[in-house]
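Enquirer: Provided herewith is a single structure, encoded as structure tokens, for subsequent inquiry.
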Amino acid sequence: MNCTQARQHWHLFHDSEGDAELHLQVNEHLEHCPECARWFQQQIVLEEAITHSLVSGMEPTAAIWSRIEQQLVPPQPARIKKWLLFGSAALTLLVASLLIAVSIENSSSPAPELAALSVAVHDKLTSGREEPNFVSSSHVDIEDYLKQHVSFPVRCPPREDAGFEARGGGTCRLANDSAAYVVGQVDGESVSLFILSRDSLSHFPELQAIPQRQRTRHQRHGAHDILLMEFDQNLVLAVGKVRAERLQRLLDAYGSYPHDHSVKSVRQRAS
Amino acid sequence: MKDDGDKCERFLLHLRPLQGALEAFCRRSVYDVSLVEDVLQEAVTRAFRDFGLFAEGTNFRAWIFRYAHLGILESNRGFLTRRHQPLEVEPAVEDEWNLGGDDSLLHTLLESPEILFEHCADDLIHAVLQLQPVDRAVLLLKGIGEFKYREIAEIVGVPLGTVMSSLSRARQQMRQALTKTRGGQGGLPRQTGDGSHTNP
């Protein structure tokens, strides 16, 4: 191996790559060629200096990795002791009782739980992360679908005359209660209607505090307006980033259409 | 839930010793430094999601660095799209062992590499970002990750021969960039005939 050949292979030699035969030949050459030996040494020292410069001051940032690790950790620890489980349950009960007491005492406080749950589902449905179970612009078909899929009575959702363009409907769970929903648009903005059984009132203690004389209840959750109404055998929520008056118009229209599907009958007869 | 906890514990056991190298790799590769944490977060989250596919006893280092590499490519692609133009990249001139650049300045570097720390730290970082994406990835994976060529080929997804030529080209360009920028700015002392240093 001559000087040119040896120097051509310095990367492999430096990185301990290539086969043993190559390293043997380079080593033999370096033993007999002081110039190349010095040249190799200089290259290696310079490479190491460059690498050292690139990694110097590059300690892991504790705050960044702490945040990353927190995202990975499951919500509950895997190895939980029994006493801790019972203790947590007792504490949860205590906190829940206190919350109920405070909620009942202060009737003007918002209903964050149901509001947050409904906004979360609304966001999923309107952001495209989740499609409605039943996609249709027909209010009558949506009503039929909902009636077949929930165990409690459901009335017809608002129609075009209330400024509501339906996009679909479906069912979901809000806490432990099943709910029906209708998604659509009002003035180009996405709006969802959630329909629960009136019995669900008892599962959301904060709602029991709504004064009977107050027909609807308005609250805000982030950028969303939420209007809640008790109607017949339902608890109905309208959620969206539109003015409360527009949501009120939807709630007023809910269930105000005839039960006999006359529109559908007329449409079927016409076809 | 217990399975999730075990999975998380095992994943962190593999991950923690590599955090410094992963972060350094991202910091030296991502064009928009404000996105380093996002890139790391995304890479680690995706790796954790796929951790079920990782076979214990195989190469976790190479496995997780591949996620980081893909995250960096994605981030840099977005950055270039926003800028609507590629970063200025000088054409590579390959020569297997003649390292090019200003001979006297290169000689200075070879004789006194500690000058790098005093004069050229910023130039080095800039020069790395000027490399072609594959060349940069290969250089950093070798330097920071201390991977073998074969592992780098797997991480970057290129043939072994490409790793060798990329590494050679990247090293050459780094030296050229150092001698060119510092020589032009007068920051790097030239080697005189008697071996003493002088600024031009």
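The values are calculated or read from the model by the stated rules, or taken from the named source; none is laboratory data. Small disclaimer: the values here were computed from a predicted structure and weren't measured. Glycine gets a Cβ as well: all are built from the backbone with ideal geometry, and neighbour counts include every protein chain shown. With ligands, DNA and RNA removed, areas are computed over all heavy atoms of the protein, side chains included. Shrake-Rupley method; radii C 1.70, N 1.55, O 1.52, S 1.80 Å.
Enquirer: Would you work out if the range A:3-52 is rounded, prolate or oblate? Take a ≥ b ≥ c from the square roots of the eigenvalues of the alpha-carbon gyration tensor; rounded if a/c is under 1.5, else prolate when a/b is larger than b/c, oblate otherwise.
Expert: Judged from the Cα gyration tensor, the range A:3-52 comes out oblate (a/c at least 1.5, b/c at or above a/b).
Enquirer: Another question, if that's okay. Within 10 Å of each Cβ in A:17-26, how many Cβ atoms from other chains are there, averaged over the peptide?
Expert: 1
Enquirer: Under a crude label model (7 Å from the Cα following the beta-carbon direction), how far is A:K241 from A:Q71 in nanometres?
Expert: Taking the two extended label points, one gets 2.3 nm.
Enquirer: Please give the length that would be gained between A:A62 and A:Q233 if that part of the chain were fully extended, namely 0.36 nm times their separation in residues minus their C-alpha to C-alpha distance (nm, one decimal).
Expert: Extra length available between A:A62 and A:Q233 comes to 56.1 nm.
Enquirer: Next question. Could I have the simple spin-label model distance between B:Y31 and A:L22, label points 7 Å from Cα toward Cβ, reported in nm to one decimal?
Expert: 3.4 nm
Enquirer: Quote the charge dipole size of the range A:3-52 about the Cα centre in Debye, to the nearest 20; the model charges only the Cβ of Lys and Arg (+1) and of Asp and Glu (-1).
Expert: The calculation lands at about 220 debye.
Enquirer: Also, I was wondering about something else. Within the range A:182-203, list the residues whose amide N lies under 19 Å from a label point set 7 Å along Cα→Cβ of A:K124.
Expert: Within reach of a label on A:K124: A:182-184, A:190-197.
Enquirer: Same structure again: How many percent of the accessible area of the range A:3-52 is carbon or sulfur, using a 1.4 Å probe?
Expert: Ligands and nucleic acids excluded, carbon and sulfur reach 50 percent.
Enquirer: Interface B/A, total buried accessible area with a 1.4 Å probe, nearest 100 Å²?
Expert: Separately minus together, B and A give about 4200 Å² buried.
Enquirer: Amide H of A:G255: which non-local residues (sequence gap of 5 or more, or other chain) have their own amide H closer than 5 Å, using H built in the peptide plane?
Expert: Close amide H contacts, sequence-distant or interchain: A:C156.
Enquirer: Something else: Once R0 is set to 25 Å, what does the formula 1/(1 + (r/R0)^6) return for the Cβ-Cβ distance between B:L80 and B:T45, expressed as a FRET efficiency to the nearest 0.05?
Expert: 0.60
Enquirer: Full extension from B:N59 to B:D6: what is 0.36 nm times the residue separation minus their Cα-Cα distance, to one decimal in nm?
Expert: Value of the extension gain: 17.1 nm.
Enquirer: Provide the FRET efficiency to the nearest 0.05 for the A:E48-A:N133 pair, computing r from the beta carbons and using R0 = 56 Å.
Expert: Numbers: r = 62 Å, r/R0 = 1.11.
For R0 = 56 Å, the calculated efficiency reads 0.35.
Enquirer: Determine the distance separating the Cα centre of the range A:1-66 from the Cα centre of the range A:110-139; give it in Å without decimals.
Expert: 60 Å
Enquirer: Rounded, prolate or oblate: pick one for the range A:128-247, where a ≥ b ≥ c are the square roots of the eigenvalues of its C-alpha gyration tensor, a/c under 1.5 means rounded, and failing that, prolate if a/b is larger than b/c, else oblate.
Expert: Verdict is oblate for the range A:128-247.
Enquirer: Averaged over peptide A:40-53, how many Cβ atoms belonging to another chain are found within 10 Å of each residue's Cβ?
Expert: 6
Enquirer: Please list, ordered by chain and number, the residues whose modelled amide H lies under 5 Å from the amide H of A:V191; skip anything fewer than 5 residues away on the same chain.
Expert: Residues meeting the criterion, in which the H sits 1.01 Å from N, are A:G184, A:Q185, A:V186.
Enquirer: If I model a spin label at B:L160 and A:S88 as a point 7 Å from the Cα along the Cα→Cβ vector, what separation in nanometres do I get?
Expert: About 5.1 nm separates the two model spin labels.
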